[in-house]
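The values are calculated or read from the model by the stated rules, or taken from the named source; none is laboratory data. Predicted model, so just to flag it, every value in this text is computed and none were measured. With ideal geometry, Cβ positions are generated from the backbone for all residues, glycine too; neighbour counts draw on all protein chains shown. We work out accessible area using only protein heavy atoms, side chains counted, and drop any ligands, DNA or RNA first. Shrake-Rupley method; radii C 1.70, N 1.55, O 1.52, S 1.80 Å.
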Amino acid sequence: MGAEFPGVLKQRLNDSNKNLQVLAVDITGSLAVAMGKPFDKYVKVFTGPIIAVLSDNKANVRAAGVAALENIRKSCSMEMMAPVFGTSLANEAPALRKELLTWFSTAIKEEPDAAKFDFSGMISPLFSCLQDRNA
């Protein structure tokens, strides 16, 4: 992908222009599919900003984020994404937590080796989510 492109794309994932942000999320998901396994080295760079998109008020932005997460998971496996989940669940945004946990609960069922993955970083944030009184 070159040296500069990942950084520029990552900045667009946090853009205030929602159309540009959704486009950047879609491009990231498409890159994961197109590159396949070599996308592994970019998973940690892009997963956090894509998960942050799940806190947006607009449904189309959240849907684009979930689709990109699914594309990354299918291309690289959830094991590469797992370290970012705990940090993201520590976020106080109820919409982000809901969207991420909903996606996670369905995606984990499709991972054949999920029992071998290290999800220990999610334990404490997950208990915080369960104790959260937000609807």
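Apply the Karplus curve 6.51 cos²θ - 1.76 cosθ + 1.60, θ = phi - 60°, to the phi angles in segment 104-115 and return the couplings in whole Hz, x for Gly and Pro.
4, 5, 7, 5, 5, 5, 8, 8, x, 10, 4, 5
I want to verify the translational diffusion coefficient of segment 47-93 in µm²/s; compute it with Stokes-Einstein, Rh as the Kirkwood radius over Cα pairs, at 4 °C and 1.567 mPa s.
118 µm²/s
Could you pull out every one of the aspartates and glutamates with an alpha carbon less than 12 Å from that of K116, ignoring same-chain neighbours closer than 8 positions?
Those aspartates and glutamates meeting the cut-off are E79.
Just grab the label-to-label distance for K58 and A115, each label 7 Å out from Cα along the Cβ direction, in nm (one decimal).
Placing both labels 7 Å along Cα→Cβ, they lie 4.3 nm apart.
Which of the trypsin sites (Lys or Arg not before Pro) across segment 88-134 are loop residues per DSSP, with 10 or fewer other Cβ within 10 Å?
For trypsin sites (Lys or Arg not before Pro) across segment 88-134 that sit outside H, G, I, E and B with at most 10 neighbouring Cβ atoms in 10 Å, the list reads R133.
Ratio of Rg to Rh for segment 9-135, alpha carbon only, Kirkwood?
On the Cα set of segment 9-135, Rg over Rh gives 0.95.
Largest first and in whole Å, give the semi-axes of segment 1-60's equivalent ellipsoid, each being the square root of 5 times a Cα gyration tensor eigenvalue.
Rounded to whole Å, the semi-axes are 20, 12, 10.
With θ taken as phi - 60° and the coefficients 6.51, -1.76 and 1.60, list the Karplus ³J(HN,Hα) couplings across segment 19-27 in order, rounded to whole Hz; mark glycine and proline as x.
In residue order, the calculated couplings are 5, 5, 5, 4, 4, 5, 5, 4, 4 Hz.
Counting only helical runs of four or more DSSP H residues, what would the 222 nm mean residue ellipticity of the chain come to if each run contributes -39,500 (n - 2.57) and the total is spread over all its residues?
It lands at -22000 deg cm²/dmol.
Working with all protein chains in place, sort I123, I27, I108 by solvent-accessible area computed with a 1.4 Å probe, largest first.
Sorted descending by solvent-accessible area, the residues read I123, I27, I108.
At most 15 other C-beta atoms within 10 Å and a DSSP loop state: those are the exposed GluC sites (Glu not before Pro) I care about. Give me the longest piece of the chain that has none.
5-91
How many Å² of accessible area per residue for the chain, probe 1.4 Å?
Here the residues of the chain average 55 Å² of exposed surface.
Give the Cα extents of segment 59-127 along the principal axes, in whole Å, largest first.
Largest to smallest, the principal-axis extents are 31, 26, 16 Å.
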